[in-house]
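**Q** Sharing a structure below in structure tokens format, with a few things to ask.
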Amino acid sequence: MKFHLFRGLIRVTAFLVVLCALNLASAARATIRYEVSLAHPEQHLFRVRMTIPDVAGELTLQMPAWNALYQLRDFSSHLQQVEAFAGTSKMAIEKLDKQTWRIEGHGTLTVRYTTYWDESGPFATQLNTEHAFINPALILMYLQQRRAEDVHLDLCDVPGEWRAASPSIQPLETRGDARNFSIDASSYDALADAPIEVGKFEEFQLDGIKPEIWVVIHGDKWKRSKVENDLTRICRYELNLMGGAPYQHYIFIIHTGDGSAGAGGGMEHTDSTAIAVPSDEYLPGIAAHEFFHLWNVKRIRPSSLEPVDYTKEQYTRALWFAEGVTSTYESYTLLRSGIWNKQQLYQDLGEQITELERRPANRWQSAEQSSLDAWLEKYPMYNRPEQSISYYTKGQVLGVLLDILMRDGTNNEQSLDDLLRAMNTEFAKQGKTYRDSLDVRITAEKIAGGSFDEFFRKYVTSAEPLPYQNILSLAGLTFRTVEQKGPALGFFAERDPNETLVVQSVDGGGSAAQAGLRPGDVIVKWNGGDVPGRLDRWLRERAAGDHLRLRVRRGGKEAGLEFSLGGVQELRYQVVEDSQASEKALRIRDGILHGATNHVAMHRN
């Protein structure tokens, strides 16, 4: 099913949606309507009116507890004054738990409430004097019994100089200095999967790509020529790799600048992505990852994530494939599209192995268990090296190793590329979900004509040491360890129960200590933006000597501190080419680098 198609003044158009797999069919499809006012954006309050037709008795009204991240974030905590009306008459509304209300009536009912949001980043929602960014599930209630019905959203009281962008949006009218915009969707789930940017932004279409792709950018520190070139290369390669577009129209919503420094990252949607980066330098990797999610996750989808349940954790063993192997294709795309050279690919693979092997938890937490435990990532202790590994990191490495084994077992005639294309054909295009790791293995075996039971049993389900050297050598690569100077913060900080980052200890004599950082300091700003969600990931992308600006709160007062990152000697792993590789290994290595097999040459630079 698809959203209805609209064309408006901002030339942003319709997108595909996946109907939720809920058995909630009603005799006639009504339209549930939302009206969201952006009046007084300086107050950070969205004023929401929900109109529910054809009520015939009791209704259960809910606010999602999670969306965008594998974290229970209880969006109902942002709500104020939930009221229900029949016409102008106020009705009784009973709150059942933290996110559920019950109302009873007949005919058309109206629910009104306000919700406060001023959090930047692709996983949150924000309303301020500069713009609004909306993840609809964070602000809109839904009816559990009627989630599959058509929905209509009006954005009202939009400041006159602002525009709106979303995969499907229609300008309505101008009233004084404010405008309205509307969105129609075939279900609540479809609307929830369509982020909205409202404000003053720049937009352009990527040339020569059909179906069309639009780019909307809010912020600074970017150059159109670089962004357009990078995104065009990425999208062309991945569309070619996967045999064409699964969408009618696609949109990148990008936030750039210092305000995005701490909230960097991206969130995939059915026909769009929302990305936040400090500058365009950081965009290619995130864009390559999120665009590939068009297939892997959004359409090649594990059964364990369907149907979506917004009220509680939704456990899956497949994130190592859904996210981790998407990271494999992030790096493959950057290389094969010409943005990276092969040395950058080798360096990135070495860094992922380094990150994996320096975490003691790698000895006991498997890729599948890391996937199941994704819901623990909001707890600081869980993210410590001795407590967990990342399914992104291990999944990316497993993707490369599986690619090599598939190529080696078929004399370079089949590859990981063929596995993804096969799953797209057998599952996504058939409207079917796959059974987590089981169907990944079965599909790989069907393509390669051999068993991968041992690989999946030892390295996906269990946490046996990965045989890097044995497998890398099959692709003309070798594996070595070196000591290098890496970056060090010079302090240790953890988040308290209120998600505030508090300094626990400071290395004596280090640059952070010399700048005046003390235990107990609350870090409120990081390089002018929000505090990174994962300090270890932020640090991994830096070097000793890089500058860090903090704003800290101490004793009720705030102060700015600046210092350079220190350095520490650490063991690192490198992937390099083997000068003694066999002819077969050279063909496999060349196939990985260029996205080719003996039968198909995908892309050469």
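**Q** Restricting to region 93-121, name every residue that is assigned to a loop (DSSP other than H, G, I, E, B) and modelled with pLDDT of 95 or more.
**A** I93, K98, Q99, W117
**Q** In addition: For region 546-583: of the residues being more than 26 Å from V506 (Cβ to Cβ) and touching a Gly at 6+ places or on another chain (Cβ under 7 Å), which is surrounded by the most Cβ atoms within 10 Å (Cβ to Cβ)?
**A** Per the stated criteria, the residue is V575.
**Q** Consider E570 carefully, then state whether it is assigned to a strand (DSSP E or B), over 30 Å from S415 (Cα atoms) and in contact with an Asp or Glu (Cβ under 9 Å, 6 or more places away or on another chain). Lay out the reasoning, then the answer.
**A** On the way: assigned to a strand (DSSP E or B): yes; over 30 Å from S415 (Cα atoms): yes; in contact with an Asp or Glu (Cβ under 9 Å, 6 or more places away or on another chain): yes.
Yes: the conditions hold for E570.
**Q** Would you please name the residue that is nearest to P122 (Cα to Cα), looking only at residues in region 189-207 that are touching a residue at least 40 places away in the same chain (Cβ under 8 Å), part of a loop (DSSP other than H, G, I, E, B) and of a type in the set (D, E, K, R)?
**A** My answer is D193.
**Q** Look through K394, K429 and report the one residue that is more than 14 Å from I592 (Cβ to Cβ), part of a helix (DSSP H, G or I), charged (D, E, K, R) and touching a Ser or Thr at 6+ places or on another chain (Cβ under 8 Å).
**A** The match here is K394.
**Q** Among the candidates S182, S186, S168, single out the residue that is of a type in the set (G, A, S) and over 27 Å from E238 (Cβ atoms). So that I can check it myself, show each step before the final result.
**A** On the way: S186 fails: over 27 Å from E238 (Cβ atoms); S168 fails: over 27 Å from E238 (Cβ atoms).
S182 is the lone residue from the list that is of a type in the set (G, A, S) and over 27 Å from E238 (Cβ atoms).
**Q** Here's a follow-up. Is region 33-54 home to any residue that is among the acidic types (D, E), assigned to a strand (DSSP E or B) and either loosely packed, with under 14 Cβ neighbours inside 10 Å or within 25 Å of the chain's Cα centre (by Cα) (or both)?
**A** No, the conditions are met nowhere in region 33-54.
**Q** Surrounded by fewer than 19 Cβ atoms within 10 Å (Cβ to Cβ), modelled with pLDDT of 95 or more and within 23 Å of G285 (Cα to Cα), is that true of Q343?
**A** Here the answer is yes, as Q343 does meet what is asked.
**Q** Name the single residue that is farthest from Q352 (Cα to Cα) among those in region 376-393 being out of contact with any Asp or Glu (no Cβ under 9 Å at 6 or more places or on another chain) and crowded, with 16+ Cβ neighbours inside 10 Å.
**A** For region 376-393, the residue satisfying everything is L376.
**Q** Residue under question is T500, and the condition is that it be surrounded by 13 or more Cβ atoms within 10 Å (Cβ to Cβ), more than 23 Å from Y391 (Cα to Cα), among the β-branched types (V, I, T) and at pLDDT 95 or above; does it hold?
**A** On the way: surrounded by 13 or more Cβ atoms within 10 Å (Cβ to Cβ): yes; more than 23 Å from Y391 (Cα to Cα): yes; among the β-branched types (V, I, T): yes; at pLDDT 95 or above: no.
Answer is no for this residue.
**Q** Does D521 satisfy the condition of being outside the structural domain of T328 (by TED's automatic domain parsing) and in contact with a strand residue (DSSP E or B) (Cβ under 9 Å, 6 or more places away or on another chain)?
**A** Taking the combined requirement at face value, the residue satisfies it.
**Q** Against the condition modelled with pLDDT of 90 or more, basic (K, R) and either part of a strand (DSSP E or B) or within 30 Å of the chain's Cα centre (by Cα) (or both), how does R587 come out, does it pass?
**A** Taking the combined requirement at face value, the residue does not satisfy it.
**Q** Is it the case that some residue within region 77-96 is of a type in the set (G, A, S), within 23 Å of F133 (Cβ to Cβ), within 26 Å of the chain's Cα centre (by Cα) and surrounded by 15 or more Cβ atoms within 10 Å (Cβ to Cβ)?
**A** Within region 77-96, none of the residues are of a type in the set (G, A, S), within 23 Å of F133 (Cβ to Cβ), within 26 Å of the chain's Cα centre (by Cα) and surrounded by 15 or more Cβ atoms within 10 Å (Cβ to Cβ).
**Q** Select from region 487-513 the residues that are touching a Pro at 6+ places or on another chain (Cβ under 7 Å) and β-branched (V, I, T) and write down the one among them that is nearest to K378 (Cα to Cα).
**A** Residue satisfying both the conditions and the ranking: V503.
**Q** In addition: With respect to M406, determine if the residue is without any contact (Cβ under 8 Å) to a residue 60 or more places away in the chain, outside any loop (DSSP other than H, G, I, E, B) and crowded, with 16+ Cβ neighbours inside 10 Å.
**A** Numbers: without any contact (Cβ under 8 Å) to a residue 60 or more places away in the chain: yes; outside any loop (DSSP other than H, G, I, E, B): yes; crowded, with 16+ Cβ neighbours inside 10 Å: yes.
Against the criterion (without any contact (Cβ under 8 Å) to a residue 60 or more places away in the chain, outside any loop (DSSP other than H, G, I, E, B) and crowded, with 16+ Cβ neighbours inside 10 Å), M406 qualifies.
**Q** Which ranges mark the helices (runs of 4 or more DSSP H) fully within region 279-364 that have 2 or more residues being more than 14 Å from the chain's Cα centre (by Cα) and within 17 Å of Y391 (Cα to Cα)? Talk me through it step by step, then tell me what you get.
**A** Numbers: elements: 283-292, 326-336, 342-357.
The helices (runs of 4 or more DSSP H) meeting that bar are 326-336, 342-357.
**Q** Which count do you get for residues in region 500-549 that are among the acidic types (D, E) and either farther than 18 Å from A276 by Cβ or part of a strand (DSSP E or B) (or both)?
**A** Within region 500-549, residues that are among the acidic types (D, E) and either farther than 18 Å from A276 by Cβ or part of a strand (DSSP E or B) (or both) number 4.
**Q** Select from region 225-276 the residues that are assigned to a helix (DSSP H, G or I) and modelled with pLDDT under 95 and write down the one among them that is surrounded by the most Cβ atoms within 10 Å (Cβ to Cβ). I'd like the intermediate steps shown before the answer.
**A** Start the filter on region 225-276 by keeping residues that are assigned to a helix (DSSP H, G or I), which leaves 225-241, 258-260.
Going one step further and asking which of them are modelled with pLDDT under 95, we end up with 258-260.
On the way: D258: 18, G259: 20, S260: 26.
Applying the filter and picking the extreme gives S260.
Listed here are the residues, each with its yes/no results for (1) outside the structural domain of R49 (by TED's automatic domain parsing); (2) at pLDDT 95 or above; (3) over 14 Å from S37 (Cβ atoms); (4) within 23 Å of the chain's Cα centre (by Cα).
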| position | (1), (2), (3), (4) |
| --- | --- |
| D150 | no, yes, yes, no |
| S168 | no, no, yes, yes |
| A178 | no, no, no, no |
| S182 | no, no, no, no |
| D189 | no, yes, yes, yes |
| A192 | no, yes, yes, yes |
| D207 | yes, yes, yes, no |
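**Q** Write out, first by first residue and then by second, each pair whose Cβ atoms fall under 6 Å of each other, whose residues are 6+ apart or on separate chains, and whose first residue, in region 447-460, is free of Cβ contacts under 8 Å to residues at least 12 places away in the same chain while the second is loosely packed, with under 15 Cβ neighbours inside 10 Å.
**A** Correct list of pairs: K458/E464.
The values are calculated or read from the model by the stated rules, or taken from the named source; none is laboratory data. For clarity, every value in this text was computed on a predicted model and none was experimentally measured. Backbone-built Cβ (ideal geometry, glycine too); neighbour counts: all protein chains shown.
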